[in-house]
Amino acid sequence: MKNDSLEQLFTSLIRNRIGAEYFAAGEKLLAYLKDYLTPETIVGTGDSKTLAQLGVYELLREGGCRFLDKYRTDLSRKEKDRLYRDNFSADLFLSGINAVTLEGKIVNLDGNGSRVAPIIFGPGKVFLICGTNKIVMDDEEAIARIRNTAAPLDAQRLGKNTPCAKTGKCMDCRSVEKICNYHTIIQGQFDRERIRVLIVEGEYGY
Ligand code: SF4
């Protein structure tokens with residue numbers, strides 16, 4: 001990633017009262033996260049291919065924190081639903097994002113809101129982890145990236161019966177299985193210490 005683009009991104013995020021850190025490699029990110037984990041820290045996560053690729057879920061399962069692990073295969077539907085609600089009172093919430101703009105805005109699209117809602121309200125601290133592949137110019141490019149890259153690939157991964165899962169492009173559907181229900185743009189926050197964007201050099205997620 002070019003230094004001047006990163007500089008512009010950081011300047012814009014900070015102007016919008018959003019913290020930012022840059023990591024040249026995934027291992028450095030994991031070392032950074034470890035510093036925030038104690039046996040008492042309650043940690044929730046959003047569904048994220050980026051977090052999976054970077055080994056964040058494994059880190060949280062190592063026992064250094066109280067991980068609200070909704071991926072455990074022994075959970076009943078009711079227990080899993082409880083964990084989704086517990087995310088709102090977590091000390092720390094970790095999630096991927098769909099795009100971050102050079103204007104300092106964080107853009108996300110969600111199917112049921114379980115990821116974007118606790119990003120916006122609830123957990124004491126929120127770290128949004130993204131590869132440099134998610135950095136775009138502006139809102140328009142962010143939306144194009146979501147419609148034509150992120151959402152179709154996610155719909156395929158989830159086995160959804162949507163037009164984009166077949167064509168690889170958004171057809172602006174009204175499908176009951178549509179995954180584009182909650183479109184959020186974060187462009188500021190009251191508590192400048194709450195949301196922080198952690199940028200990792202490289203391609204992660206989609
Ligand atoms: S609106 Fe429909 S077709 Fe477009 S990306 Fe979302 S699910 Fe796919």
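The values are calculated or read from the model by the stated rules, or taken from the named source; none is laboratory data. All figures in this text were calculated on a predicted structure; none of them were measured in a lab. Glycine also receives a Cβ, built like all others from the backbone with ideal geometry; neighbour counts cover every protein chain displayed.
For every residue, the table says whether it meets (1) in a loop (DSSP other than H, G, I, E, B); (2) at pLDDT 95 or above; (3) closer than 24 Å to Ala90 by Cβ; (4) not small (Gly, Ala, Ser).
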| residue | (1), (2), (3), (4) |
| --- | --- |
| Met1 | yes, no, no, yes |
| Ser5 | no, no, no, no |
| Gln8 | no, yes, no, yes |
| Glu21 | no, yes, yes, yes |
| Leu29 | no, yes, yes, yes |
| Glu40 | yes, yes, yes, yes |
| Gly44 | no, yes, yes, no |
| Asp47 | yes, no, yes, yes |
| Thr50 | no, yes, yes, yes |
Within the set of pairs 6+ apart or on separate chains, which have a first residue in region 156-174 that is in a loop (DSSP other than H, G, I, E, B), a second that is more than 7 Å from the ligand (Cβ to nearest atom) and among the charged types (D, E, K, R), and C-beta atoms under 9 Å apart?
Leu158/Glu177; Lys160/Asp154; Lys160/Glu177; Asn161/Glu177; Thr162/Glu177
Among all residue pairs at least 6 apart or on different chains, which show Cβ distances below 8 Å where the first residue, located in region 65-82, is of a type outside the set (D, E, K, R) and the second is assigned to a helix (DSSP H, G or I) and modelled with pLDDT of 95 or more?
Phe67/Leu60; Phe67/Arg61; Leu68/Leu83; Leu68/Asp86; Leu68/Asn87; Tyr71/Tyr57; Leu75/Leu83
Going through Glu58, Glu79, Glu62 one at a time, which residue ends up being surrounded by fewer than 13 Cβ atoms within 10 Å (Cβ to Cβ) and within 30 Å of Thr149 (Cβ to Cβ)?
Glu58
Taking region 147-205 and keeping residues more than 12 Å from the ligand (Cβ to nearest atom) and of a type in the set (Phe, Trp, Tyr) leaves Phe190, Tyr204
